[in-house]
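Below is one structure; the comments refer to it alone.
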Amino acid sequence: MPEEQSKALESLKEFLEADMKAKAAQDRIFPNGMDLYNDESIFKYIERVIRALDDIEDNFLKMIRAEKINPEIGLAFSTKIQNIKNVVNNFFYSYAKQSGSKIIDYINKEISGMRPEFIQSVNQGFKGYYLFYGANVMEPITINECIHYIHSLVVNNDNLYKRIPTVQSFKPDKYCVYNYRGVQTPLGDKLFEQLQREYIDSDILDIINLENTILIMGRNLGHAAVIEIDTTDPNRIFVKYSIPKNTNPEKMSKVKGLKVQNELFGKGDFGTTTDRFVEDIVGLMKSIPTDSDIKISHYLQEEEDYPKR
């Protein structure tokens, strides 16, 4: 494996591992029923929040470094974290004494919340094979929005997929190519073997296998759908996906695990197992609307977004 490709593979692994840890640390910030019971529990809770914020900052900066993202973003994030820590240290005790809801409100406003309009701008601005990649994406405000912004910036970038070493390629016809990238595992091998017996309406289908994570981008599947698969526990495989272009609302509504659908995009998730993994992933890709499924709507008034960057 060429050194440059090997570095790209390791960097992506580091990025996704740090991303997962940053998100997990957020879960430790919300208080439970006993955290605000008395002074002792309140002070222990405040210490836990500070440690969680430190973990979030450390892992966010690892994400920045792993994919060589503008370090000024990391500096701005560290400033944001420090401001929140000041509030936690100086005001969370009094908030807890007044009402636990004040803490929840602050966490939602500054840490965990995500504005619907921000999510929509990310879905429309960060999508593969898009001439205006990153255009009109709103600035993140909360910690969760910052992490989501960086995650989406990276995993939707088709140029990233090309940097990952290819294990095997397959051309179902002269117009399409399926690429199996990253490392080989039994689960990844099984999926790629099945794809060679199926037809996915995608002219470029990239599968990046990172041992415990599989990323898939399919050009022409809702423009460039991204599927993220956590295979850490083979008995509880978790699948989430983002479909940036809703070309057919009726067909979109039938996609397995759909959680969010509007006139522009769709998002969803579901669980599966090793036994059902290949069937579910192939079925998911086949069910995503393509450009040939376009229904007349105001969406068609948008500029053509297939020109390559």
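The values are calculated or read from the model by the stated rules, or taken from the named source; none is laboratory data. For clarity, every value in this text was computed on a predicted model and none was experimentally measured. For neighbour counting, all protein chains shown are included, and Cβ atoms are generated from backbone atoms with ideal geometry for every residue, glycine included. Side chains included, ligands, DNA and RNA excluded: accessible areas come from the protein's heavy atoms. Shrake-Rupley method; radii C 1.70, N 1.55, O 1.52, S 1.80 Å.
State whether the residues of the stretch 111-120 include one that is in a loop (DSSP other than H, G, I, E, B), open to solvent by less than 40 Å² (accessible area, probe 1.4 Å) and over 18 Å from Asp230 (Cβ atoms). Yes, there is a match, as at least one residue in the stretch 111-120 is in a loop (DSSP other than H, G, I, E, B), open to solvent by less than 40 Å² (accessible area, probe 1.4 Å) and over 18 Å from Asp230 (Cβ atoms).
Annotation: of all residues in the stretch 162-187 being hydrophobic (A, V, I, L, M, F, W, C) and in a loop (DSSP other than H, G, I, E, B), the one that is surrounded by the most Cβ atoms within 10 Å (Cβ to Cβ) is Ile164. Among the residues here, Ser11 does not qualify as assigned to a helix (DSSP H, G or I), more than 30 Å from Lys68 (Cα to Cα) and either open to solvent by less than 90 Å² (accessible area, probe 1.4 Å) or at pLDDT below 95 (or both). Here Val278 meets each of (1) within 24 Å of Thr185 (Cα to Cα); (2) open to solvent by less than 10 Å² (accessible area, probe 1.4 Å); (3) in contact with a helix residue (DSSP H, G or I) (Cβ under 8 Å, 6 or more places away or on another chain); (4) not aromatic (Phe, Trp, Tyr) with one exception, condition (2). When you scan the stretch 124-147, do you find a residue that is open to solvent by 40 Å² or more (accessible area, probe 1.4 Å) and in a helix (DSSP H, G or I), even just one? No: zero hits.
Of the residues making up the stretch 66-93, those that are surrounded by 14 or more Cβ atoms within 10 Å (Cβ to Cβ), touching a residue at least 24 places away in the same chain (Cβ under 8 Å) and assigned to a helix (DSSP H, G or I) are Ala66, Ile73, Phe77, Lys80, Ile81, Ile84, Lys85, Val88, Phe92, Tyr93. Here Asp293 fulfils each of the conditions (1) at pLDDT 90 or above; (2) among the acidic types (Asp, Glu); (3) open to solvent by less than 70 Å² (accessible area, probe 1.4 Å) apart from (1). Note on the stretch 21-31: residues that are out of contact with any Leu (no Cβ under 9 Å at 6 or more places or on another chain) and without any contact (Cβ under 8 Å) to a residue 60 or more places away in the chain total 4.
Of the residues making up the stretch 188-221, those that are open to solvent by 30 Å² or more (accessible area, probe 1.4 Å) and either closer than 23 Å to Arg276 by Cβ or of a type in the set (S, T, N, Q) (or both) are Asp189, Lys190, Glu193, Gln194, Gln196, Arg197, Glu198, Tyr199, Asp201, Glu211, Asn212, Thr213.
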